[in-house]
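Following: one structure in structure tokens, then a few remarks.
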């Protein structure tokens, strides 16, 4: 993209902005040129680093029922922004994918976007220059973890003299579960991470990320043991819910974090998608046990602010660096996605995607 194309934009200005990156066509990832056509983008940024998320992998498999978020964990350097957005050229920002704007894939050398000044202001949030890229990469998943931890305590109803949930279990030991567990543990909550298979737990233990957190195979979970259970796998499916209902205490909370599908009903009585996305609370009776089911979905601007502050102040104690997997380059990303989704490659951490060209080609 030419530097002289970064002058003031108008809705009437027609321009062709081109970068290189990875897009999905029919669920198939491919590397090549990405063209922005029509009115010039109001927001342009250089992508400093991107992160591969579980939802990106699901989107490549065609298993994601909501909006396309392909390439959304981003550290960006602003090159153009409308003055009304309060963003300035040179700002270092992260991206909140929950704000509705039009944009190109984040798995690219450049990001182009359009939206109202207010939407752009909310979508692109400044991060401290002193925060390393590999730490800033966790801002979006950490914001979702902050939101979920708050939702858990908000939904929990006092019982046995307890104002908050003091013993919490997760049905899977993915990155999202680890981040939530770290937040809750810092608040004095006893946390247990479960997983269906052993290798992920073993990898987390080797990395020292969960050395102060109990972890075990899901099959070993004891019935009626927890104030709250988070269905934290890729999906809040019937198998996860069955385990959650078994190990939560009577009157306890099951929090839906993992994905759901529109219109999906579980056990013939739970609108899991509606509960999760509206974050409502519902009381159900399963095998004679009364349980609360609540939802958590996405993150707010306030969650992002807290996540950024948390990572800036406490990155070492959170051990997020230990959650990083090997880096891949943009051109390698399509094959990496195919290998992970086919089971040829195991990936237990966050995969950073290097977006800068090998040689400086200019803006």
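The values are calculated or read from the model by the stated rules, or taken from the named source; none is laboratory data. Since the model is a prediction, treat every value here as computed from it, not as a measurement. Glycine also receives a Cβ, built like all others from the backbone with ideal geometry; neighbour counts cover every protein chain displayed.
Here are some notes:
- From the options 146, 191, 89, residue that is part of a loop (DSSP other than H, G, I, E, B), more than 18 Å from residue 50 (Cα to Cα) and at pLDDT 95 or above: 89
- Some residue of segment 255-262 being in a strand (DSSP E or B), more than 21 Å from residue 186 (Cα to Cα) and without any contact (Cβ under 8 Å) to a residue 40 or more places away in the chain: no
- Yes/no for residue 247 being under 24 Å from residue 314 (Cβ atoms) and surrounded by fewer than 24 Cβ atoms within 10 Å (Cβ to Cβ): no
- Residues located in segment 231-244, provided they are part of a helix (DSSP H, G or I) and either surrounded by 24 or more Cβ atoms within 10 Å (Cβ to Cβ) or in contact with a helix residue (DSSP H, G or I) (Cβ under 8 Å, 6 or more places away or on another chain) (or both): 240, 241, 243, 244
- Residue 228 in contact with a helix residue (DSSP H, G or I) (Cβ under 9 Å, 6 or more places away or on another chain) and outside any loop (DSSP other than H, G, I, E, B): yes
- Test: residue in segment 145-161 that is without any contact (Cβ under 8 Å) to a residue 40 or more places away in the chain, touching a helix residue (DSSP H, G or I) at 6+ places or on another chain (Cβ under 8 Å), within 24 Å of residue 309 (Cβ to Cβ) and surrounded by 21 or more Cβ atoms within 10 Å (Cβ to Cβ): yes
- From the options 129, 84, 100, 140, residue that is assigned to a helix (DSSP H, G or I) and free of Cβ contacts under 8 Å to residues at least 40 places away in the same chain: 84
- Cross-chain or 6+ apart pairs with Cβ under 9 Å, segment 201-225 first and not assigned by TED's automatic domain parsing to the domain that holds residue 243 and at pLDDT 90 or above, then surrounded by fewer than 17 Cβ atoms within 10 Å (Cβ to Cβ) and in a loop (DSSP other than H, G, I, E, B): none
- Subset of segment 114-125 (residues that are more than 16 Å from residue 50 (Cα to Cα) and either in contact with a helix residue (DSSP H, G or I) (Cβ under 7 Å, 6 or more places away or on another chain) or assigned to a strand (DSSP E or B) (or both)): 114, 115, 117, 120, 121, 122
- Filtering segment 276-291 to residues that are without any contact (Cβ under 8 Å) to a residue 40 or more places away in the chain and closer than 20 Å to residue 250 by Cα leaves 280, 282, 283, 284, 285, 288.
- The lone exception for residue 74 - which of (1) surrounded by fewer than 17 Cβ atoms within 10 Å (Cβ to Cβ); (2) part of a strand (DSSP E or B) it fails: (1)
- Any hit, segment 42-65, residues being modelled with pLDDT of 90 or more and either more than 25 Å from residue 352 (Cβ to Cβ) or surrounded by fewer than 16 Cβ atoms within 10 Å (Cβ to Cβ) (or both): yes
- The number of residues in segment 310-332 being over 15 Å from the mean Cα position of the chain (by Cα), surrounded by 14 or more Cβ atoms within 10 Å (Cβ to Cβ) and more than 12 Å from residue 182 (Cβ to Cβ) comes to 8.
- Pair list, Cβ < 6 Å and 6+ apart or interchain, from segment 233-252 residues that are closer than 18 Å to residue 279 by Cα to residues that are part of a helix (DSSP H, G or I): 233/240; 236/272
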